[in-house]
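The values are calculated or read from the model by the stated rules, or taken from the named source; none is laboratory data. On a predicted model such as this, the values are computed, not experimentally measured, just so you know. Every residue, glycine as well, gets a Cβ built from its backbone with ideal geometry; the counts of neighbours run over all protein chains shown. Note: accessible area is taken over every heavy atom of the protein model, side chains too, but ligands, DNA and RNA are not part of it. Shrake-Rupley method; radii C 1.70, N 1.55, O 1.52, S 1.80 Å.
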Amino acid sequence: MRRGVLEGKNAIITGGSRGIGKAVVQLFYNHGANVLFTYSTDDKKAAEVKEALPGVKAVKCNGLDRQEVENLVQEITGEDVQKGPAILVNNAGKTQNSFFAMATEREWDNIIENNLKSAYNWAKAVFRPMMAAENGCIVNVSSVSGLFGVPGQSAYGASKGAILSLTRVLAAEGIQKSIRVNAVVPGFIETRMTAAIPRPIKQKYLDRIPMKRLGKPEEVAETILFLCSDASSYITGQTIVIDGGLTSLLGAG
């Protein structure tokens, strides 16, 4: 029988079929959570995760469709708010590398919607049930691009910076109803997203990471687990950077 720090808690993890999201799904499952993860396109990857973790639910869901998101949360919650999601990990996102002078408005809108609007839709859908239950935990996944200027990532950086601001506001508004909201800021992690970053840009920052390596999705997942567990019961409105020390040197010459 599985036992862990999230035993019996209902958790929604967006973008859970690969990368950081998949690592969070696996870790939460191992710690006893009732896990439902969403994905947008890759049926095969989602099926592989479900097969490896009996009892985990996978739902193909468009995070940009507010009604679709609301319907899913309502289906989980039903008439008893205590059965609603106790945890939301807002992980789903998209990146696109395009220098600002050459980027199109369509490219900008695409990234802002996929990252910021989808995070808004999910937070909006779970916030009221969490308020009614007077219990909840939200972790938003941002990026170092939201803290510092990374060439070619104007839209991505803007969306991830906005998520950090949203995190602080939701934490301030949720505190009276025992809802904690925090953010994690991964640096360069071994995922499909970082694989898409142009080699010269990635190498530039890799050379400056004090730990001299990319991070692993599992290392980010462990931090998210901590923020969703009772071990972090006095932490809200905070941003935790997981980057091997990169941001400590970004301002250096």
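Couple of notes before you dig in:
- Considering the conditions (1) under 25 Å from Asp243 (Cβ atoms); (2) of a type in the set (A, V, I, L, M, F, W, C); (3) open to solvent by less than 50 Å² (accessible area, probe 1.4 Å), Val59 is excluded by exactly one of them, (1).
- Candidates Lys22, Lys44 - the one that is open to solvent by 20 Å² or more (accessible area, probe 1.4 Å), in a helix (DSSP H, G or I), at pLDDT 95 or above and not hydrophobic (A, V, I, L, M, F, W, C): Lys22
- Residue within the stretch 68-83 that is in contact (Cβ under 8 Å) with a residue 60 or more places away in the chain, over 14 Å from the mean Cα position of the chain (by Cα), over 23 Å from Ala196 (Cα atoms) and not in a helix (DSSP H, G or I) present: no
- Candidates in the stretch 141-174 are the residues that are of a type in the set (A, V, I, L, M, F, W, C) and within 16 Å of Val89 (Cα to Cα); of these, the one that is surrounded by the fewest Cβ atoms within 10 Å (Cβ to Cβ) is Leu164.
- Scanning the stretch 188-246 for residues that are part of a loop (DSSP other than H, G, I, E, B), of a type in the set (A, V, I, L, M, F, W, C) and over 19 Å from Asn90 (Cα atoms) gives Ala196, Ile197, Ile209, Met211, Leu214.
- Hey, Val150 part of a loop (DSSP other than H, G, I, E, B) and within 29 Å of Arg106 (Cβ to Cβ) or not: yes
- For the stretch 160-203, a residue qualifies if it is in contact with a helix residue (DSSP H, G or I) (Cβ under 6 Å, 6 or more places away or on another chain), polar (S, T, N, Q) and without any contact (Cβ under 8 Å) to a residue 60 or more places away in the chain, and exactly one does: Asn182.
- All conditions but one from (1) at pLDDT 95 or above; (2) over 25 Å from Glu107 (Cα atoms) apply to Ser165; the one that does not is (2).
- Val89 being β-branched (Val, Ile, Thr), touching a Cys at 6+ places or on another chain (Cβ under 9 Å), open to solvent by less than 90 Å² (accessible area, probe 1.4 Å) and touching a residue at least 60 places away in the same chain (Cβ under 8 Å): yes
- Pairs with Cβ under 8 Å, 6+ apart, first in the stretch 133-158 and more than 15 Å from Ser118 (Cα to Cα), second in a strand (DSSP E or B) and open to solvent by 10 Å² or more (accessible area, probe 1.4 Å): Gly136/Arg180; Cys137/Arg180; Val144/Val241; Ser145/Gln153; Leu147/Val241; Gly152/Ser98; Ser154/Ser98
- Filtered residues of the stretch 1-18 (kept if over 14 Å from Ala58 (Cβ atoms) and surrounded by fewer than 24 Cβ atoms within 10 Å (Cβ to Cβ)): Met1, Arg2, Arg3, Gly4, Val5, Glu7, Gly8, Lys9, Asn10
- Condition check for Tyr205: of a type in the set (Phe, Trp, Tyr), open to solvent by 70 Å² or more (accessible area, probe 1.4 Å) and more than 19 Å from Gly16 (Cα to Cα): no
- Some residue of the stretch 117-140 being modelled with pLDDT of 95 or more, open to solvent by less than 20 Å² (accessible area, probe 1.4 Å) and part of a loop (DSSP other than H, G, I, E, B): no
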